[in-house]
1. Pop a pseudo-label 7 angstrom from the Cα along the beta-carbon direction at both Trp88 and Val76 and give the gap in nm to one decimal.
2. Near Ala110, within a Cβ-to-Cβ distance under 15 Å, what is the net charge of the other residues, with Lys and Arg +1 and Asp and Glu -1?
3. Which residues does the label zone of Ser65 cover in region 120-136, counting backbone N under 20 Å from a point 7 Å along Cα→Cβ?
4. Note the full-extension length gain between Ala202 and His189 as 0.36 nm times their separation in residues minus their Cα-Cα distance, in nm to one decimal.
5. For region 70-229, what ratio Rg/Rh do Cα atoms give with a Kirkwood hydrodynamic radius?
6. Evaluate E = 1/(1 + (r/R0)^6) for Ala149 and Arg55, where r is the Cβ-Cβ distance and R0 equals 30 Å; express this FRET efficiency to the nearest 0.05.
7. Restricting things to Cα coordinates, could you compute the convex hull volume per residue of region 133-187 in Å³?
8. Given the peptides 100-110, 121-131, 176-186, arrange them by the average over their residues of other C-beta atoms within 10 Å, most packed first.
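Just so you know, all these numbers are worked out from the coordinates, no wet-lab data involved. Small disclaimer: the values here were computed from a predicted structure and weren't measured. Cβ atoms come from the backbone with ideal geometry, glycine included; neighbour counts cover every protein chain shown.
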Amino acid sequence: MSANTSRQPTGDSDLSSGPGQAAPSADGTPEAAEGATKVSEGSGRPTHRFWSSRRIPAALAALLSAAAVGFLLYDVVAVRAGRNAMRWRRRLAEELATRPLDDVWMIVGAAVAMALGLWLFLLAVTPGLRRLLSMRRPTGIPGTEDVRAGLDRRAAALVLRDRAMRVPGVQSAQVDVGRRKVKAQARAHFRELEEVRADLDAELGEAVTSLGLARQPTLAVRVRRPKKG
């Protein structure tokens, strides 16, 4: 998720910094170096991502399965009661018995079934809700052991963008917040680019720490001059 804002343009060069270290954590201890992220909370237990309930895929899979099984069960009961099997089931049994395994329709059907099964498997084993960032759990407060909080990535991007706009010389800013990395791009219409970048590093590093995220993301800042009109 990203957020951006701007003022009036001038000028033309740029200055960028690679992914920097995240600012010190709230307890005063520095985070790991570039690329290393850490999930922690006050109690020492790991903080996991939020899991999506995925109601729509679950409802669709349940309805389709119930319809198919119910339709097949009805036909089986009808045959046991002395009636003829439905035409579609006789045709399906005939096709499965006579078509070779290397037939194009057999391969296509198997590929579709495999893709559907893989999709359902991925939905079952992945948490989803990528837009939510887990926050540190409160400590030292009785009854809050099971409290969990999450921060929307778009809201985090808006907070960081507003902090970036406070830096003197920044004309416009765009911030993209990921689960492991925060990318900030700014345009500076006065002051030296290196000075603006250093101030942005400090300001955004402090802002990222103040968000209270369980996983401290790395920070990458890029500063350039606005293009001439």
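1. 1.7
2. Once all neighbours under 15 Å are counted, the net charge is -2.
3. 120-128
4. Length difference between fully extended and current span is 2.8 nm.
5. On the Cα set of region 70-229, Rg over Rh gives 1.36.
6. 0.85
7. Residue-normalised Cα hull volume stands at 92 Å³.
8. Highest to lowest by the protection proxy: 176-186, 121-131, 100-110.
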